[in-house]
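Below is one structure, written out as structure tokens, with a few remarks after it.
Each value in this text was obtained by applying a stated rule to the coordinates, not by laboratory testing. None of these values were measured; they are calculated from a predicted model. Every residue, glycine among them, receives a Cβ derived from its backbone with ideal geometry; neighbour counts consider all protein chains shown.
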Amino acid sequence: MRRVFGLILGVLLLTTALCRGENCAWLNAATAAGVLGGHVTSTVVHTTPQDTTCEFTRLQGAVISSLQIAVHTMTAFEKEFPAYLALCGTTAISLRAVGNEAVECTRPDGQDVVTEQVIGRVRDRVFILRWSMPKSTRGVGVQSQDDIRETIRNVAEQIAGGLF
Amino acid sequence: MRVNQRPEQSMLAARLRKGFFVFLLPGLYIYLGNTQATTHQDATQQQNYASAQSQSQSGQKNGQEEYIQAQPQPKTELSPKRQAYAAKVRASYNFSVMKGNLSLPGNAAVEGDDFIQPGAFPNATYCAHCHQEAYHQWRQALHSNSFRTPFYRTSVNIVMNTKGIQFARHCDSCHNPIGVLSGGLTQESIVDRKFDQDGLTCTTCHSIQKLQSTIGNGGYVMGVPAVMTDATGKRIPGEVPYADILAHPDWHAKAVMQPFYRTPEFCAACHKANLPAPLNGYKWIRAFTTYDEWQSSKFSQRNPLTFYTASFTTCQGCHMKRAANLLPDPGAKDGTFASHRWAAGNTAVPFYYGFDEQLQKTIEFLRSGNYLNIDLFGLKIAGQNEMIAPLGPKPFKLKSGDVVQTFVVIQNKNIGHSLIPEVRDLYEAWVEFTVKGGVSKEIYHSGFIQPDGMLDTRAHSFTNRPVNTEGTFVDNHKVWTIHSVAYDNTIPAGRSVLVRYEFKIPEEVKDAVTITARVNYRHLRQSYTNNVLGKDHPDYPIVELAVRSRTLKIGENEPTQPDDHDNPDWMRWNNLGIGFLDQLQYADAIHAFREVVKLRPDYADGYINIGLTNIEWEKYSEARASLEKALSLKPDSARALYYMAQVERRAAHSDAEVAALKRVVELYPEARDARRELGITYYQRDEPKLAMEQFEALQAIDPDDLAAHYNLAILYRRAGMKDKAKRESAMFVTKKVDPGAPTYSLDFLRKHPEISTESVPWHMHTDLPEGGIQSGGQY
């Protein structure tokens with residue numbers, strides 16, 4: 001599955017056309033800002049004519065947090081989707097009523113960063129939502145683990161909603 | 001399996017008639033459904049038509065105002081916070097539908113007539129702190145999920161992706177009012193959409209301050225949300241500490257409750273919808289109007305023309321029934337709480353979300369209330385002229401090899417709206433009819449589910465078929481492409497339909513056959529669910545709403561006792577008569593109604609039914625005799641008087657006509673048909689002021705009444721009230737039926753022979769070999 005994701009990233013790098021000013025089709029910047037807690041910058045990259053990857057980034061001093069949404073159209077979802085699901089591994093929690101199906105998991109992303117991830121499907125389209133934040137900010141302030149899970153679930157639901 | 005049509009009926013005539021019948025859409029459809037035989041416009045009016053049309057065209061050129069039904073709200077002083085927010089939204093808001101209008105093509109309005117910050121709406125968890133039962137119920141109900149469900153998102157996404165997000169304001173005026181009024185539905189939205197998941201949250205409904213008549217499409221006026229007033233009654237915007245509410249619960253109630261919340265008109269704000277010209281670029285088309293269906297039903301007690309009577313019951317009376325609350329809720333009274341589940345027909349949404357409690361309550365609701373009655377009324381054996389009816393009290397003989405026609409009468413007995421209501425292109429209810437003989441051997445089966453989950457294409461379904469200009473069924477709920485409706489086989493409140501099935505008893509069946517008719521319901525057609533979720537979804541629930549079986553012995557059949565749910569015999573005949581009447585089988589209808597008065601000679605409505613059938617049949621002297629008999633039994637019967645007025649009109653007894661109609665509106669001030677007819681009568685008598693009064697009163701009841709628009713346009717113009725005349729002309733032109741549109745229906749029906757006869761009032765369901773219906777003859 002890493003190869004698949006690597007391939008997507010490769011395509012991204014090759015075809016990168018940063019469309020500054022273009023809105024993300026799956027989530028607007030204001031909603032992303034609401035999740036990340038303040039002003040965000042965004043990039044939208046078209047990986048295929050119908051698929052895009054959006055990234056919202058919030059810089060707060062040296063602290064960076066981000067929301068990344070990658071959407072990919074599968075040619076045979078029955079075969080391909082399990083590989084995407086494997087990105088979450090065995091710790092995945094099934095999310096009911098997010099798209100056709102979805103899972104959520106937490107994964108370390110390097111030493112200092114932790115990423116909440118939702119992988120879901122709407123018909124033949126997969127979306128991968130990643131919310132990365134420094135470990136130091138996780139669980140701090142108002143955001144408990146439950147809050148984080150609820151928030152990312154709601155974001156995932158919005159993305160799935162846009163894909164229906 | 002195939003469906004045959006009665007051979008002697010002219011296919012073209014029937015299609016055209018039915019096409020006309022259904023395309024008139026609910027406002028006028030109900031009018032015709034109440035069996036008025038007259039057209040709205042007399043010859044004089046027709047002459048004036050060209051003039052009215054020309055007026056409205058000039059009105060169109062002068063701007064869109066003529067077509068806007070929503071009431072513009074006065075600009076008032078906004079709080080500094082709201083003022084700043086609104087200015088920011090306005091800077092990038094797409095006003096392309098109409099400059100300055102926040103919600104068009106929807107009708108949502110807000111006090112102050114400017115954008116309101118989404119944070120002004122306290123969210124549901126704030127309310128849940130005290131109202132635990134309400135929150136628990138609401139969270140599973142369709143109102144809280146009005147925006148986020150995939151079934152809705154799929155439709156609204158098509159609007160956004162093909163026409164632009166600004167057109168989604170039409171749908172979201174009801175599905176996501178905060179999204180619309182906060183200015184979120186624009187390309188460069190600056191709105192955090194975290195409220196989407198709560199759809200119609202507590203403080204949307206409970207902040208509505210008034211209604212814009214009953215135009216629908218979000219015909220409410222939202223106030224700035226407040227959960228408290230001060231001692232003077234002034235609303236305090238936003239959240240307040242719970243302690244303050246607990247200290248002054250009366251101030252809380254004053255802020256969040258309005259007397260009109262308990263009225264059907266409140267529900268009408270959204271449970272009534274049209275497709276306006278700014279949305280479809282074509283013309284105003286009625287989408288659905290559950291409110292008007294209720295208003296025309298026996299439960300409103302506002303319509304004298306219903307076949308039966310009932311206690312006054314509002315929408316809330318059925319859909320917000322009080323029940324014991326399980327969780328603490330200060331809104332409960334005497335241990336009961338008005339349901340915030342709004343149990344209705346929404347099974348797909350709780351199924352998708354796994355709200356098992358809501359699903360269970362919904363199914364219980366659908367099966368409760370004695371809403372439908374199924375009557376296996378009679379049989380017609382090929383080669384015999386007489387109908388065996390009614391089944392039960394009448395003995396009869398059957399033999400192997402008989403070709404049998406079964407008369408199934410399905411009565412919409414206690415639903416305050418049609419079966420099925422609202423989005424009839426998505427919802428699905430149908431008759432499943434089976435004949436079994438021997439050891440569970442299936443002899444005939446109509447209305448089965450195919451292996452791919454699709455309904456038997458030839459089933460008798462209570463749905464409609466909206467079509468586009470290609471004559472194609474609008475399968476994806478792309479409502480702005482709808483130009484016509486090929487047929488609409490829903491059962492209006494209080495009416496009955498007759499569904500006919502013909503089958504042959506196999507020679508080898510020697511003991512008995514069992515016939516069973518059931519009405520099944522599925523929230524969404526399989527093809528629509530496939531559109532939404534792809535074909536790999538689980539099977540969505542199919543609910544049996546009602547069922548009736550009878551075993552028919554081969555040989556002698558002795559009389560049998562009725563079941564608990566069976567109607568009395570006089571009502572069975574009456575319902576059959578209604579079915580015949582709606583199938584334009586006037587002689588058969590009169591025969592059935594005569595059986596009613598034989599069984600109940602004191603039943604005035606039986607004679608009225610004979611009278612109205614004769615009016616439909618244009619036999620006015622026969623109608624008069626029956627109506628006179630009815631009035632002798634019940635002198636102040638508004639229903640009899642109304643139809644008698646029709647007879648007096650044909651006889652040119654204008655004074656008698658006026659007297660009868662005046663008495664009807666005295667007894668039923670909100671009788672829309674009587675108001676309309678009285679207006680026409682006054683118009684014909686050249687009493688314009690009186691006519692104007694009636695049409696204005698009619699318009700207050702139904703702001704979309706075509707006759708009111710038309711006649712007021714003329715009356716206003718003659719009275720020198722040019723602006724008002726212009727507006728009414730424009731409204732008439734946009735709302736009147738496009739005479740060319742039914743051709744799209746005919747295209748569709750030509751392409752779909754398997755269901756084209758569903759558009760014909762009289763048709764037969766059978767799988768017997770080609771060669772015509774064998775059990776014809778009388779009836």
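Here are the numbers for this structure:
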{"item": "Order by protection proxy (mean Cβ within 10 Å, highest first), peptides B:575-581, B:376-382, B:729-735", "result": "B:575-581, B:729-735, B:376-382"}
{"item": "Kirkwood Rh in Å, taken over all unlike Cα pairs in region A:2-163", "result": "16.0 Å"}
{"item": "Note, ³J(HN,Hα) from phi for region B:711-716, Karplus 6.51, -1.76, 1.60, rounded to Hz, x at Gly and Pro", "result": "6, 5, 4, 6, 5, 5"}
{"item": "Degrees between helix B:43-61 axis and first principal axis of chain B (Cα, 0 to 90, nearest 10)", "result": "30 degrees"}
{"item": "Under-5 Å amide H pairs with residue A:114, H placed in peptide plane, nonlocal only", "result": "A:109, A:133, A:135"}
{"item": "Pairwise label distance in nanometres, residue B:442 with residue B:621, each label 7 Å out on the Cα-Cβ vector", "result": "5.6 nm"}
{"item": "Helix axis angle, B:11-23 relative to chain B longest principal axis, alpha carbon, degrees", "result": "30 degrees"}
{"item": "Förster-model FRET efficiency, 60 Å R0, residue B:236 and residue B:553, C-beta, rounded to 0.05", "result": "0.20"}
{"item": "Local electrostatic count at residue A:124 - Lys and Arg +1, Asp and Glu -1, tallied over other residues with Cβ under 14 Å", "result": "0"}
{"item": "Ranked packing of B:400-410, B:636-646, most packed first, by mean Cβ within 10 Å", "result": "B:636-646, B:400-410"}
{"item": "Placed amide H near residue B:512: partners under 5 Å, 5+ positions off or other chain", "result": "B:438, B:554"}
{"item": "17 Å Cα-Cα reach of residue B:478 towards aspartates and glutamates, excluding residues that sit fewer than 8 places from it in its own chain", "result": "B:172, B:422, B:425, B:470"}
{"item": "Efficiency of FRET from Cβ geometry, residue B:94 and residue B:454, R₀ 35 Å, rounded to 0.05", "result": "0.35"}
{"item": "Karplus-derived 3J(HN,Hα), 6.51/-1.76/1.60, for each residue of region A:60-71, Hz, glycine and proline x", "result": "10, x, 8, 8, 10, 10, 8, 10, 10, 10, 10, 10"}
{"item": "Theoretical FRET efficiency, 1/(1+(r/R0)^6), r = Cβ-Cβ of residue B:125 and residue B:469, R0 45 Å, to 0.05", "result": "0.45"}
{"item": "Per-residue mean of C-beta atoms belonging to partner chains within 10 Å, peptide A:155-164", "result": "5"}
{"item": "Proximal aspartates and glutamates to residue B:234, defined as alpha-carbon separation beneath 19 angstrom and excluding residues fewer than eight positions away on the same chain", "result": "B:77, B:111, B:244, B:250"}
{"item": "Filtered trypsin sites (Lys or Arg not before Pro), region B:472-563: DSSP coil and at most 13 other beta carbons within 10 Å", "result": "B:510, B:535"}
{"item": "Given charges at beta-carbon only (K, R positive; D, E negative), |dipole| of region B:568-667 in Debye", "result": "120 debye"}
{"item": "Amide H within-cut-off set for residue A:101, under 5 Å, with H built and near neighbours excluded", "result": "A:121"}
{"item": "Where GluC sites (Glu not before Pro) in DSSP loops with at most 11 other Cβ within 10 Å are excluded, longest remaining stretch of chain B", "result": "B:78-506"}
{"item": "Count of Lys pairs (Cα-Cα under 23 Å; at least 8 positions apart or interchain) in region B:592-706", "result": "8"}
{"item": "Environment charge at residue B:453 (Cβ cut-off 13 Å; Lys +1, Arg +1, Asp -1, Glu -1)", "result": "-2"}
{"item": "Restraint check, B:163/B:210; B:535/B:735; B:99/B:283, Cα-Cα greater than 29 Å", "result": "B:163/B:210; B:535/B:735"}
{"item": "Per-residue HN-Hα couplings for region B:249-263 [Karplus 6.51, -1.76, 1.60; θ = phi - 60°; Hz; x = Gly/Pro]", "result": "x, 5, 5, 5, 4, 5, 6, 10, 10, 10, x, 6, 4, 8, 9"}
{"item": "Violating pairs (Cα-Cα greater than 23 angstrom) within the set B:254/B:333; B:380/B:413; B:413/B:736; B:321/B:413", "result": "B:380/B:413; B:413/B:736"}
{"item": "Helical mean residue ellipticity (222 nm; -39500 (n - 2.57) per DSSP H run of 4+; nearest 500) of the protein assembly as shown", "result": "-11000 deg cm²/dmol"}
{"item": "Local electrostatic count, residue B:361, Cβ distance below 15 Å [Lys/Arg +1, Asp/Glu -1]", "result": "+1"}
{"item": "Rough spin-label spacing in nm, given labels placed 7 Å along Cα→Cβ, for residue B:561 and residue B:512", "result": "1.5 nm"}
{"item": "Where no second cysteine Cβ lies under 4.7 Å, the cysteines concerned in chain B", "result": "B:130, B:171, B:205, B:318"}
{"item": "Tilt relative to chain B, helix B:620-633 - C-alpha long axis, 0 to 90 degrees, to 10", "result": "80 degrees"}
